[in-house]
Structure formats: structure tokens, C-alpha cells
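Here's the structure we're looking at; comments come further down.
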Amino acid sequence: MITDLHIHSSASDGKLTIQEIFQVAKNRNIGFMAITDHDCIGCQIQAIATAKKEGISYVTGVELNVTFAHPKYHEGKAVSLDFLGYKFEPTDKALESKLETMAKYREERAAKIFDNLNSEFKRESIQVLTKDDFRQIEASVDGVLGRPHIADYLVKKNIVKTRQEAFDRYLVKCDVPKYPLYLEEASKLVRDAGGMLVLAHPNDPHGTSLLALTKSLQEQTGIIQEKMLEHIDGVECWHSRNTPETTSHYVAFAKKLGLKMTGGSDCHQKPIIMGTVQVPEWVADQFA
């Protein structure tokens, strides 16, 4: 059975709708999956119903962005890490309320990033973006507005050629701090909703990961053991950007400490990579 427990829909920063995701899953013989949108669970009821209709085993999912700091690394300054919540009740009021607060903050943050972009464009003699541009970006989003949506609009306006160029030239420089959700609170929210929390892509070279603190795999797992163990239930050991060394290290670490092990493609956009990560079949048994 093919398993993919890390998929993003158009409700956050993915390209595919819920229906399109399940059509791809059906075509690719994915038998167990989770949609894990960023700080958003609005699609989960629809996903559960669609999975049942298509005969695919499904578990609720969300990817939470967490503010994390360690005094020994990065001069003690906070970095962003991602954690995957699974198997929670999708109508839990406390979780819904917190995510609504975070969504509102995201909109305010996007507006501030927009202002920062215009300041940068003025310096480069590029035509500034208008309120109408901002409304068009908002209209293109099914769920929560984020930097990837702004990046895609900059591509559409021919200001940059690719989403990555938008980040490299402008969106990193013009960024505004994210909502400060801390690990203790994220863990309590997910667990109180009946779910479990998993550290996402811990050594991802292109995402929010422990690489921001240290390149050493041993030091990374040391950080987890020292600062995270009481708040997490597992680690994402298989990921589309993992090296074999990363996967082997985290599998051994999880086995040693009795942590759950998950994996997925982290599919956002085209090319569609759903189901391409070789996640062992026994991973599904952990969710029984």
C-alpha cells in the first residue's frame, strides 16, 4: 500500500483542490493519506467524506508553524519549525479557535509584507502593487493567504520568473514575523483534540527545519531529545527532500526512543509528487 501523510491543498499553499488530490491519489493507488494544510483544518470534513467515497484510508492532518529556540544554537534566537498534527477531531473548538486567530494574523502579516514589497519596488523603480493587486491575490486563495500566494502573483505580473526567485529577491527580505505559536501550546492543542504531534522534515535543506540550528544530525536529535520529547509523539522520517543518511538516522533515533515514524511527499504544486516517497507499509499500522 502506498502511503502519503504530507500533502497540501489549495486551502493553504497547494495547487490542487481536495477533489483533485483524491483523484490523483486514486490514480496512483495511494491507500493511506493525510492532507496537512498549513495552520488550517477547514478542508478536513470534506477530505474525510471524499476518502470514504473513494475507498481510501484517511487520517486528519495539519502542519503547524512553531516558534522554537535553543540557548546553545543560533545565538539563542528563535527559528521556525513545522510540526504535523494527526488523528485529531476536526471540529475541536479550541484547535479551531486558535487556527482562526492565526489565519487573521496571517492576513495582517500579508498586508505588511505587501507594504514592504512596495518600498522595495520603489527603490528599484518597479511599479508598485495596488489594493486591486492585493484583492486579486486574496481571490486566488481558497484558504489562508501566505507568502507563496504573493510569490505566484509576482510571477504572474512578470516581476520575477519563478516562485523561488520571488523569495530569493524579495520575500525573504520583506518578511514579517510569523504568529508566535510555541511547541508546548501546539502539542496541547493537538493532543487535547485527540491527536498526536510529529516533528516535520527535521533536516529539510529547503524548508523550516533543525538545519537552521545545526547541520549535525547527531546534534539535531540531541535537541529533540533535550527540548521536545515530552511534547511530541513522533518524527517524519521519510520526506521528498531527505537524503538516505537523514532517513536512516531518524529511523534509528525514533526506534531507539519509541517514537512514531511518519512520511510523505510534502506535495504542494506541479510537478505532482504525491505518492512518490517510499514510506513503509507498516507506518499505517501506527494509526490503527
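Residues in the stretch 222-244, backbone N under 18 Å from the label point at V251 (7 Å along the Cα-to-beta-carbon vector): list them, ranges by number please.
Zone members listed by number: 234-244.
Using the beta-carbon distance between T130 and T162 and R0 = 30 Å, what value does 1/(1 + (r/R0)^6) give for FRET efficiency, to the nearest 0.05?
0.85
Rounding to the nearest 10 and keeping the result within 0 to 90°, find how far the Cα-based axis of helix 93-123 lies from the longest principal axis of the chain.
Taking Cα atoms only, the helix is inclined about 40 degrees.
Can you pull the Kirkwood radius for the stretch 156-288, inverse mean 1/r over Cα pairs, to one decimal in Å?
16.7 Å
Considering only C-alpha atoms, what is the centroid distance from the stretch 1-30 to the stretch 253-269, in Å?
Answer, in whole Å: 18.
Could you list the square roots of 5 times each eigenvalue of the Cα gyration tensor of the stretch 109-171, that is, the equivalent ellipsoid semi-axes, sorted largest first and rounded to whole Å?
17, 13, 11
Rounded to the nearest 500, what is the 222 nm mean residue ellipticity of the chain from helices alone, with -39500 (n - 2.57) per DSSP H run of 4+ residues and division by all residues?
The per-residue figure over the chain is -12000 deg cm²/dmol.
What is the Cα centroid distance between the stretch 169-219 and the stretch 35-108, reported in whole angstrom?
One Cα centre to the other: 11 Å.
For each of I21, I273, I113, count neighbouring Cβ atoms within 10 Å of the residue's Cβ, then give the residues from fewest to most.
With the sparsest Cβ surroundings first, the list reads I273, I113, I21.
Provide the per-residue ³J(HN,Hα) series for the stretch 157-169, in order, calculated from phi with Karplus coefficients 6.51, -1.76, 1.60 and θ = phi - 60°, each as a whole number of Hz, with x at glycine and proline positions.
Values, residue by residue: 7, 6, 7, 9, 9, 9, 4, 5, 5, 4, 5, 5, 8 Hz.
Per residue, how much space in cubic angstrom lies within the convex hull of the C-alpha atoms of the chain?
Considering the Cα atoms of the chain, their hull volume per residue is 127 Å³.
Order these by the 10 Å Cβ neighbour count, fewest first: D152, D4.
Least crowded to most crowded, the residues run D152, D4.
Work out the length of the dipole vector of the chain about its Cα centre, built from +1 on the beta-carbon of each Lys and Arg and -1 on the beta-carbon of each Asp and Glu, and round it to the nearest 20 debye.
Once rounded to the nearest 20, the dipole reads 460 debye.
Could you work out the percent of alpha carbon pairs in the stretch 82-226 separated by over 22 Å, rounded to a whole number?
Counting every Cα pair in the stretch 82-226, those more than 22 Å apart make up 52 percent.
Quick one: helix 44-54 against the long Cα principal axis of the chain, what's the angle to the nearest 10°, folded into 0 to 90?
60 degrees
What translational diffusion coefficient, in µm²/s and rounded to a whole number, does the Stokes-Einstein relation yield for the stretch 244-286 at 25 °C and a viscosity of 0.890 mPa s, taking the hydrodynamic radius as the Kirkwood radius over Cα pairs?
My calculation gives 208 µm²/s for D.
Which angle between 0 and 90 degrees, to the nearest 10, do you get for helix 18-27 versus the longest principal axis of the chain when only C-alpha atoms count?
Value to nearest ten degrees: 50.
List, in the order given, every pair from K53/K188; K161/K270; K72/K93 whose Cα-Cα distance in the structure shown is over 26 Å.
Where the Cα-Cα span goes over 26 Å, the pairs concerned are K53/K188; K72/K93.
Given an 8 Å cut-off on Cα distances and at least 6 residues of separation, report the relative contact order of the chain as a percent.
Value for the chain: 23 percent.
Quick one: pull the percentage of alpha-carbon pairs in the stretch 7-116 with a separation above 24 Å.
Roughly 35 percent, once rounded to a whole number.
The numbers here are math on the coordinates, done by the rules we state, and not lab data. Everything quoted here is computed from the prediction, not taken from an experiment. Virtual Cβ from ideal backbone geometry, glycine too; neighbours counted across all protein chains shown.
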